Amino acid sequence: MSHRPDTLEHAPLGRESAYPEHYDAGLLYPIPRAANRAPLGIEAGRLPFVGEDEWHAFEVSWLNARGKPRVAVARFRLPAESPNLIESKSWKLYLNGFNQTRFDSREQVIDTLERDLAQAAGAPVSVELFDVDDAVLAVCRLPGECLDELDIEIDAYSPSAEHLKVGEEIVEETLYSHLLKSNCPVTGQPDWGSVLIRYRGPKLDREGLLRYLIGYRQHQDFHEHCVEHIFTDLMAKAKPERLLVLARYVRRGGLDISPWRATPGERPPEPLRLARQ
């Protein structure tokens, strides 16, 4: 059974609503990150990681000054230290408001997006617009070794850090799985994704790591907080010297999201867009 958090009491998610015909920045619905971070022991202003929430929007369109439609794919980057994330359906509704709105230039579209999104997130948001056939959008493969063919038995589908075990050997490796699935914290709809873990530290038991990741299968939370949950559990259990956790979630409603959290100095590989996105 899904539970609607108090922070979503007035959100458009899960409600019937007509798509807007004109631009309206007020459609963006910010959600404070603090409420979901508190159970992980993360205090506001004392984040144990750096990172970003990278979004792609594949249904971006507007009218030029003469009323001719333009289309693009947008990439947004919200810093992890922003006090708010932005609820995805409100984001989609907001973007649909551009469809019949005239802009003098591509730069004006970018400036408008950066201004409105920064106001909602509470921090600067970077925006890039790409042509729909731009090479930067080409599909890639995750680097490292895939865990998905490990022959293990699974009987629990809630995340438990007890599955995370390490040995004495110090290694530097990159592991990934396409078996990540979590659920929308409001509607219960499935969110499919791939997760990459790059670290230097005591060697992780791979079977235990895969059991842990599969444990999110019935977990209800936002994409961003699932990544922070994984990061904090790995730091607590494995105590790596360096760590990067990146999830690339499958596109839904024209939007995909790829949050990443890391120890200072770490960054994800780029470009990196997967076939399911």
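Please specify each residue of the range 218-233 satisfying the condition of being open to solvent by 10 Å² or more (accessible area, probe 1.4 Å), of a type outside the set (Asp, Glu) and touching a strand residue (DSSP E or B) at 6+ places or on another chain (Cβ under 8 Å).
Step one: list which residues in the range 218-233 are open to solvent by 10 Å² or more (accessible area, probe 1.4 Å), which gives 218-223, 229, 232-233.
Next, only the ones that are of a type outside the set (Asp, Glu) stay: 218-220, 222-223, 229, 232.
Matches in the range 218-233: Gln218, His219, Gln220, Phe222, His223.
Would you confirm whether or not the range 108-124 contains a residue that is under 30 Å from Ala72 (Cα atoms), at pLDDT 95 or above, open to solvent by 20 Å² or more (accessible area, probe 1.4 Å) and of a type in the set (A, V, I, L, M)?
Filtering the range 108-124 for residues under 30 Å from Ala72 (Cα atoms) gives 108-124.
Narrowing the set further to residues that are at pLDDT 95 or above leaves 108-124.
Retained after the next criterion (residues that are open to solvent by 20 Å² or more (accessible area, probe 1.4 Å)): 108, 110-111, 114-115, 118-119, 122, 124.
Narrowing the set further to residues that are of a type in the set (A, V, I, L, M) leaves 110, 118.
Checked the range 108-124: at least one residue is under 30 Å from Ala72 (Cα atoms), at pLDDT 95 or above, open to solvent by 20 Å² or more (accessible area, probe 1.4 Å) and of a type in the set (A, V, I, L, M).
Can you confirm whether Ala236 is surrounded by fewer than 18 Cβ atoms within 10 Å (Cβ to Cβ), in a helix (DSSP H, G or I) and out of contact with any strand residue (DSSP E or B) (no Cβ under 6 Å at 6 or more places or on another chain)? Write out each step before concluding.
Details: surrounded by fewer than 18 Cβ atoms within 10 Å (Cβ to Cβ): yes; in a helix (DSSP H, G or I): yes; out of contact with any strand residue (DSSP E or B) (no Cβ under 6 Å at 6 or more places or on another chain): yes.
Yes, satisfied.
Which condition breaks for Tyr94 when tested against (1) open to solvent by 10 Å² or more (accessible area, probe 1.4 Å); (2) modelled with pLDDT of 95 or more; (3) not aliphatic (A, V, I, L, M)?
All conditions are met except number (1).
In the range 241-277, what count of residues is obtained for those that are among the charged types (D, E, K, R), touching a residue at least 40 places away in the same chain (Cβ under 8 Å) and either farther than 14 Å from Arg77 by Cα or part of a loop (DSSP other than H, G, I, E, B) (or both)? If you could, list the steps in order and put the result at the bottom.
To start, the set of residues in the range 241-277 that are among the charged types (D, E, K, R) comprises 241-242, 248, 251-252, 256, 261, 266-267, 270, 273, 276.
Now narrow it down to the ones that are touching a residue at least 40 places away in the same chain (Cβ under 8 Å): 241-242, 248, 251-252, 256, 261, 266, 273, 276.
Then drop every residue that is not either farther than 14 Å from Arg77 by Cα or part of a loop (DSSP other than H, G, I, E, B) (or both), which leaves 241-242, 251-252, 266, 273, 276.
Residues that pass the stated criteria total 7.
Right, Val132: at pLDDT below 95, over 18 Å from the mean Cα position of the chain (by Cα), exposed (fewer than 15 other Cβ atoms within 10 Å of the Cβ) and farther than 28 Å from Pro32 by Cα or not? I'd like the intermediate steps shown before the answer.
Details: at pLDDT below 95: no; over 18 Å from the mean Cα position of the chain (by Cα): yes; exposed (fewer than 15 other Cβ atoms within 10 Å of the Cβ): yes; farther than 28 Å from Pro32 by Cα: yes.
Considered against the rule, which asks whether it is at pLDDT below 95, over 18 Å from the mean Cα position of the chain (by Cα), exposed (fewer than 15 other Cβ atoms within 10 Å of the Cβ) and farther than 28 Å from Pro32 by Cα, Val132 comes out as no.
Only residues that are open to solvent by less than 10 Å² (accessible area, probe 1.4 Å), more than 17 Å from Ser88 (Cα to Cα) and of a type outside the set (A, V, I, L, M, F, W, C): list them for the range 247-277, please.
The one that is open to solvent by less than 10 Å² (accessible area, probe 1.4 Å), more than 17 Å from Ser88 (Cα to Cα) and of a type outside the set (A, V, I, L, M, F, W, C): Arg261.
Would you mention how many residues in the range 161-188 are open to solvent by 40 Å² or more (accessible area, probe 1.4 Å) and touching a helix residue (DSSP H, G or I) at 6+ places or on another chain (Cβ under 7 Å)?
Qualifying residue count, the range 161-188: 4.
Where in the range 77-193 are there strands (runs of 3 or more DSSP E), lying fully within it, with 1 or more residues that are in contact with a strand residue (DSSP E or B) (Cβ under 7 Å, 6 or more places away or on another chain) and farther than 17 Å from Glu224 by Cβ?
In the range 77-193, the matching strands (runs of 3 or more DSSP E) lie at 126-130, 166-183.
Quick one: how many residues across the range 145-160 are open to solvent by 50 Å² or more (accessible area, probe 1.4 Å) and either free of Cβ contacts under 8 Å to residues at least 60 places away in the same chain or not hydroxyl-bearing (Ser, Thr, Tyr) (or both)?
To start, the set of residues in the range 145-160 that are open to solvent by 50 Å² or more (accessible area, probe 1.4 Å) comprises 145-146, 149-151, 153, 155, 157-158.
Pick out the ones that are also either free of Cβ contacts under 8 Å to residues at least 60 places away in the same chain or not hydroxyl-bearing (Ser, Thr, Tyr) (or both) and you get 145-146, 149-151, 153, 155.
The total comes to 7.
Under the condition of being of a type in the set (A, V, I, L, M) and exposed (fewer than 13 other Cβ atoms within 10 Å of the Cβ), which residue from the range 31-70 is modelled with the lowest pLDDT? Outline the logic, then answer.
Narrowing the range 31-70 to residues of a type in the set (A, V, I, L, M): 31, 34-35, 38, 40, 42, 44, 47, 50, 57, 60, 63, 65.
Checking which are exposed (fewer than 13 other Cβ atoms within 10 Å of the Cβ) leaves us with 35, 38, 44, 65.
Numbers: Ala35: 91, Ala38: 94, Ala44: 81, Ala65: 97.
Among those that are of a type in the set (A, V, I, L, M) and exposed (fewer than 13 other Cβ atoms within 10 Å of the Cβ), it is Ala44.
Take the range 189-217 and flag every residue that is open to solvent by 20 Å² or more (accessible area, probe 1.4 Å) and under 18 Å from the mean Cα position of the chain (by Cα).
The answer is Gln189, Pro190, Trp192, Arg198, Ile214, Arg217.
The values are calculated or read from the model by the stated rules, or taken from the named source; none is laboratory data. As the structure is a computational prediction, the values presented were derived from the model and not from experiment. Neighbour counts run over all protein chains shown; Cβ positions are idealised from the backbone, glycine included. Accessible surface is based on the protein model in full, side chains and every heavy atom, while ligands, DNA and RNA are left aside. Shrake-Rupley method; radii C 1.70, N 1.55, O 1.52, S 1.80 Å.
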